[in-house]
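Asks: The structure that follows is given in the form of structure tokens.
The values are calculated or read from the model by the stated rules, or taken from the named source; none is laboratory data. Just so it is clear, the structure is predicted and the values come from calculations on it, not from any experiment. Cβ placement follows ideal geometry from the backbone for every residue including glycine, while neighbour counts extend to all protein chains displayed.
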Amino acid sequence: DAMVIQNPRYQVTQFGKPVTLSCSQTLNHNVMYWYQQKSSQAPKLLFHYYDKDFNNEADTPDNFQSRRPNTSFCFLDIRSPGLGDAAMYLCATRDREGDIQYFGAGTRLSVL
Amino acid sequence: GENVEQHPSTLSVQEGDSAVIKCTYSDSASNYFPWYKQELGKRPQLIIDIRSNVGEKKDQRIAVTLNKTAKHFSLHITETQPEDSAVYFCAASNTGGGADGLTFGKGTHLIIQP
């Protein structure tokens with residue numbers, strides 16, 4: 001059974017049109033992460049939540065925002081997508097007492 | 001912040017031979033070092049991990065070694081099979097004091113030649 005679920009799996013948006021990606025988890029983990037993975041590159045951390053505490057990476061563009069309304073859900077908002085934001089977006093979770101991160105299947109974002 | 005270097009970027013080996021991928025990290029506070037296998041269009045899949053209080057770990061055909069002093073760790077795959085062909089990423093994080101995310105190496109494209 002899927003433990004970290006990302007919706008949608010594929011998302012197409014237009015240049016400059018806001019888009020929201022969602023992630024839900026059934027693991028009750030405290031920590032949730034968003035990574036961006038561009039084609040033929042490694043995943044890159046955008047930000048993470050430790051419970052409700054939001055932690056932004058220093059080089060994450062302001063165009064990217066996140067919300068975590070409760071333990072189970074986390075959203076990635078891209079306010080004005082550019083062509084360079086086309087990528088796979090991966091959500092991951094981790095229990096505060098553990099090390100392992102559990103990845104969702106990802107959302108592949110295309111920007112037209 | 002943490003910086004992880006990974007080599008080689010592409011590795012081609014004959015089926016049945018061994019493959020070795022090497023990574024170095026910069027932050028001595030990092031204490032957790034996972035290895036991921038990623039097939040095209042799929043999520044990264046954890047294949048093995050090691051914590052900083054351990055020097056070596058083995059799981060069937062896969063082993064990882066860690067040298068904390070030199071800040072490097074390596075993935076060893078023995079008796080390679082065609083299904084081992086994929087991109088492999090090393091990563092590092094500090095899970096002790098907070099919720100640091102993973103810093104990944106740039107990846108190694110492993111090709112198993114039949």
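Asks: Only one of (1) part of a strand (DSSP E or B); (2) in contact (Cβ under 8 Å) with a residue 12 or more places away in the chain; (3) more than 22 Å from A:ARG94 (Cβ to Cβ) fails for B:LYS106. Which number is that?
Replies: (1)
Asks: Could I ask something else about it? Test B:ALA86 against the stated conditions and say whether it is modelled with pLDDT of 95 or more, crowded, with 19+ Cβ neighbours inside 10 Å and either over 14 Å from B:GLY16 (Cβ atoms) or within 11 Å of chain A (Cβ to nearest Cβ) (or both).
Replies: Yes.
Asks: In this structure, is A:ASN63 within 18 Å of B:LEU102 (Cα to Cα), surrounded by 13 or more Cβ atoms within 10 Å (Cβ to Cβ) and either touching a Pro at 6+ places or on another chain (Cβ under 6 Å) or polar (S, T, N, Q) (or both)?
Replies: When the stated conditions are applied, A:ASN63 does not pass them.
Asks: Please find, within segment A:29-48, the residue that is surrounded by the fewest Cβ atoms within 10 Å (Cβ to Cβ) out of those that are touching a strand residue (DSSP E or B) at 6+ places or on another chain (Cβ under 6 Å) and more than 8 Å from every other protein chain (Cβ to nearest Cβ).
Replies: Restricting attention to segment A:29-48, the residues satisfying the condition of being touching a strand residue (DSSP E or B) at 6+ places or on another chain (Cβ under 6 Å) are A:29, A:31-38, A:42-48.
Keeping just the survivors that are more than 8 Å from every other protein chain (Cβ to nearest Cβ) gives A:29, A:32, A:34, A:36-38, A:46-47.
Details: A:HIS29: 20, A:MET32: 27, A:TRP34: 25, A:GLN36: 18, A:GLN37: 20, A:LYS38: 13, A:LEU46: 21, A:PHE47: 19.
Residue satisfying both the conditions and the ranking: A:LYS38.
Asks: Let me ask something else about it. For residues in segment A:83-108 being among the aliphatic types (A, V, I, L, M), within 18 Å of B:ASP100 (Cα to Cα) and in a strand (DSSP E or B), which is farthest from the other protein chains (Cβ to nearest Cβ)?
Replies: Looking at the filtered set, the residue picked out is A:ALA92.
Asks: Just one of the numbered conditions (1) at the interface with another protein chain (Cβ under 10 Å from one of its Cβ atoms); (2) touching a strand residue (DSSP E or B) at 6+ places or on another chain (Cβ under 6 Å) is not true of B:GLU15; which one?
Replies: The failed condition is (1).
Asks: Among the residues that make up segment A:51-58, is at least one of them of a type in the set (Phe, Trp, Tyr), surrounded by fewer than 17 Cβ atoms within 10 Å (Cβ to Cβ) and within 13 Å of chain B (Cβ to nearest Cβ)?
Replies: yes
Asks: Restricting attention to segment A:58-77, report how many residues are over 21 Å from A:PHE103 (Cβ atoms) and touching a Ser or Thr at 6+ places or on another chain (Cβ under 8 Å).
Replies: Adding up the residues that qualify gives 1.
Asks: Residues that are without any contact (Cβ under 8 Å) to a residue 24 or more places away in the chain and either of a type outside the set (A, V, I, L, M, F, W, C) or surrounded by fewer than 13 Cβ atoms within 10 Å (Cβ to Cβ) (or both): list the strands (runs of 3 or more DSSP E) wholly contained in segment B:4-81 that include at least 3 such residues.
Replies: The strands (runs of 3 or more DSSP E) meeting that bar are B:45-51, B:56-59.
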